[in-house]
Amino acid sequence: MIQRVLIANRGEIALRILRSLHREGRQGVVVYSHADAQSPAVREADATFALGPAPARDSYLRIDRLLEAAAATNCDAVHPGYGFLSENPAFADAVRAAGLTFIGPSSEALRVMGDKDRARTAMVQAEVPVLPGASGEEIAADLTGAAARVGFPLLLKAAAGGGGKGMRVVPEASDLAPALAAVQREAASAFGSDAVLLERWLPAARHVEVQILADQHGTTLALYDRDCSTQRRHQKVLEEAPAPNLSDTVRAQLESAAVAAAQAVAYEGAGTVEFLVANDAVFFLEMNTRLQVEHPVTEAITGWDLVAWQLRIAEGAPLPERPPAQGHAIEVRVYAEDPEQGYLPSTGTLTAVNWPSGPGLRVDSGVEQGSEITPYYDPMLAKIIAWGRDRPTALRRLRDALAHSALEGVKNNLSMLRRLAAAPALATGPVHTRWLEGEGQAALAPQEPDEGSLEAAALAIAETHWRAGQNQASPFGTLAGFRLGTPAALTVRLRAGETCWVRSVPVDGTKDEANLTALRWEGPTLHFSQGGQRLQRVIRWHAPACLSVIHDGETHRFIDETAAQAAQASQGAGDGLITAPMPGLITACPVEEGQAVEAGAVLLILEAMKMEHTLRAPFPGIVTQLGGTAGQQVVEGTTLLVLERLEED
């Protein structure tokens, strides 16, 4: 019996495996790099082991260190999770050679299915349908001729690849040579082999996969299908089970082909066989010989814990009959990335984390408030899974869950996911693999702030100014108005993106007892009236000059320009200590230590809330110290620069 498992991974999958182990009455050992020392998985583990520096090559990819960890913590098995070494046959061999149980398939199955050329050959022999293609010696002998026989458009793929890496669509023959060079470079870098294969490209196909479990007694179960067609650059964004709008005939063909594929390599454990579906025709794509990122949607419709079954299969337990599929489940992946800047990864410290809860909801996450998001690993932060008795119910729950999710401190794709969940094309039926990068772009475009959100931001800022105005030293101590029969007003300047708005917010009452009209707070939620209509918006302050307004799943970020400028003037007027008035990223620092500057000269440019804020010299002086550089993420109050006043002649 497996009692103590080394989890050779990190992040949300390490925590997910650990919790299944605990539910099963087993213990889990979590390994970690220096960057992950404070992670939730490390905190909940029964034992831990420090692997080394943050880069994966120095930590999570070190087979010798992982085996040392297993020996030092008295483990009897290793679970590889997904990514890193999960499909590496040399790792599986090393684990078994050390007398430990590898919770996964045989090394031979890993070798065959990990090489797309060998996998294709094995599938042809097993009579699993494959796309027209070419590989191996056929490509080496005559690439141009092989491509012509396959037909354009075609897809170039790294033979040893996976996860969307090392792939290029080739529309016509003239694009073949540069695409080949690019794929070979990526393949050699990511997988250590520049071998490639060609396949016919189906631009409007669906990506449908089948979850399989296979025991050591010859039983292979197809645990239904999943649709993973909502993709960006061959990487999945949204997955659901079962795949919508498939005929019973196609569904049966998918399950039969998946079982045949697994049995062709004597597969054991959990795995996924992926297919392209076009016009009810099914074509083998690849087999992932591990647990999939999207496995929770299958767990939601079957009620089975797939990690628990991985453990039981590794111990030799037989599989029972497959459970019935119940309801529908949808999963989205939350990433630390900026959809508005080409999905560039984002790093920093999570200053606020709020995940949804409720019936039919599940969140798999390995981060929390205070977690440091580093550039060393995959930027996925969490998965949000919604289950319902049918697809419309699951989709409604997903939309509600996303509306109640919040992450601050790093740029992320939550707003994009909210727009995706609300897209009419997604609600009416399945999409194809190119939809998100084609016509789906219009549905995912960021929305301008609505008048209700602008009004809410102005009210929240005005209230802050009014409270500050009770202090006579505050720059907001004076209200306009209070003439006989005339209400007072506060002028607010706020900015989102490149647009600046000026709002005049009326204040009723007397100068000593002034109150903003039609304003009521319930926690972070602001209730107010606009045009006779009662409205509400959730307000989140990130610093005295930064706030977000959240409504109907959209987050609009604003900077209170008056407060930001006043803070800079106040903190720079005395000793010349220039600090960050808000959390942000230094995008430019055009001055150097020892440089003399005039009053009003640009000292730094700080990007906050996706907007730039320019910090200027409050007086003539000499830069005596630089506390920040371009590209550095800073928190509010960080010393950015010290300016020594130049005495006038």
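The values are calculated or read from the model by the stated rules, or taken from the named source; none is laboratory data. Since we're looking at a predicted model, the values are computed, not measured. Ideal geometry is used to build each Cβ from the backbone, glycine not excepted, and the neighbour counts take in all protein chains shown.
Quick check on segment 87-119: of everything there that is surrounded by fewer than 23 Cβ atoms within 10 Å (Cβ to Cβ) and among the basic types (Lys, Arg), which residue is modelled with the lowest pLDDT?
That would be Arg118.
Six or more apart or on different chains, Cβ under 8 Å: which pairs go from a residue in segment 246-261 that's farther than 12 Å from Met287 by Cβ to one that's part of a loop (DSSP other than H, G, I, E, B) and not hydrophobic (A, V, I, L, M, F, W, C)? Could you list them?
Ser247/Asp280; Thr249/Asp280; Val250/Asp280; Arg251/Pro242
Just to verify a result, which residue in segment 296-311, among those that are over 23 Å from the mean Cα position of the chain (by Cα) and hydrophobic (A, V, I, L, M, F, W, C), is nearest to Ala386 (Cα to Cα)?
Of everything passing the filter in segment 296-311, Ile301 is nearest to Ala386 (Cα to Cα).
So, Leu417, is that one more than 17 Å from Asp227 (Cβ to Cβ), out of contact with any His (no Cβ under 7 Å at 6 or more places or on another chain) and either assigned by TED's automatic domain parsing to the domain that holds Leu246 or buried (at least 22 other Cβ atoms within 10 Å of the Cβ) (or both) or not?
So Leu417 fails the test.
Which count do you get for residues in segment 613-649 that are part of a loop (DSSP other than H, G, I, E, B), more than 24 Å from Leu494 (Cα to Cα) and within 36 Å of the chain's Cα centre (by Cα)?
Total meeting the criteria: 6.
To keep it simple, each residue is scored yes or no on (1) at pLDDT 70 or above; (2) closer than 30 Å to Val410 by Cβ.
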{"site": "Gly532", "(1), (2)": "yes, no"}
{"site": "Thr555", "(1), (2)": "yes, yes"}
{"site": "Ala563", "(1), (2)": "yes, yes"}
{"site": "Ala573", "(1), (2)": "no, no"}
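Among the residues of segment 167-192, what is the count of those that are among the β-branched types (Val, Ile, Thr) and surrounded by fewer than 20 Cβ atoms within 10 Å (Cβ to Cβ)?
1
Of all residues being among the β-branched types (Val, Ile, Thr) and within 28 Å of the chain's Cα centre (by Cα) in segment 38-84, which is surrounded by the most Cβ atoms within 10 Å (Cβ to Cβ)? Just the residue, please.
Among residues in segment 38-84 that are among the β-branched types (Val, Ile, Thr) and within 28 Å of the chain's Cα centre (by Cα), the one surrounded by the most Cβ atoms within 10 Å (Cβ to Cβ) is Val78.
Look at segment 381-405 and say how many of its residues are within 21 Å of Ala336 (Cβ to Cβ), buried (at least 19 other Cβ atoms within 10 Å of the Cβ) and either out of contact with any Ser or Thr (no Cβ under 7 Å at 6 or more places or on another chain) or at pLDDT below 95 (or both).
Qualifying residue count for the region: 7.
Against the conditions (1) surrounded by fewer than 19 Cβ atoms within 10 Å (Cβ to Cβ); (2) in a helix (DSSP H, G or I); (3) within 26 Å of the chain's Cα centre (by Cα), where does Ala252 fall short? Just the number, please.
Ala252 satisfies every listed condition except (3).
Which members of segment 332-375 meet the condition of being surrounded by 16 or more Cβ atoms within 10 Å (Cβ to Cβ) and on the phi > 0 side of the Ramachandran plot?
Tyr343, Gly348, Gly360
Restricted to segment 501-515, and to residues that are among the β-branched types (Val, Ile, Thr) and modelled with pLDDT under 85, which residue is farthest from Ala458 (Cα to Cα)?
Once the filter is applied, the top-ranked residue is Thr510.
Go over the candidates Glu451, Glu498, Glu439, Glu455 one by one and state the one that is farther than 30 Å from Leu246 by Cα, loosely packed, with under 14 Cβ neighbours inside 10 Å and at pLDDT 75 or above.
Exactly one of Glu451, Glu498, Glu439, Glu455 is farther than 30 Å from Leu246 by Cα, loosely packed, with under 14 Cβ neighbours inside 10 Å and at pLDDT 75 or above, namely Glu451.
When segment 196-218 is examined, which residues are found to be part of a loop (DSSP other than H, G, I, E, B), crowded, with 18+ Cβ neighbours inside 10 Å and out of contact with any His (no Cβ under 7 Å at 6 or more places or on another chain)?
Hits for segment 196-218 are Trp201, Leu202, Asp215.
Across segment 629-648, what is the total count of residues that are crowded, with 20+ Cβ neighbours inside 10 Å and under 30 Å from Leu407 (Cβ atoms)?
The qualifying residues number 3.
List pairs: first residue in segment 291-306 and outside the structural domain of Tyr82 (by TED's automatic domain parsing), second residue charged (D, E, K, R) and in a loop (DSSP other than H, G, I, E, B) anywhere in the structure, Cβ distance under 7 angstrom, at least six positions apart or on different chains.
From residues that are outside the structural domain of Tyr82 (by TED's automatic domain parsing), the pairs are Glu299/Asp305.
Yes or no: Arg206 in contact (Cβ under 8 Å) with a residue 40 or more places away in the chain, charged (D, E, K, R) and closer than 23 Å to Arg399 by Cβ?
In short, yes.
Mind counting the residues in segment 152-166 that are at pLDDT 85 or above and surrounded by 19 or more Cβ atoms within 10 Å (Cβ to Cβ)?
Total satisfying the criteria: 5.
When you scan segment 89-195 for strands (runs of 3 or more DSSP E) that lie fully inside it, which ones turn up with 2 or more residues that are under 32 Å from the mean Cα position of the chain (by Cα)?
154-158, 167-170
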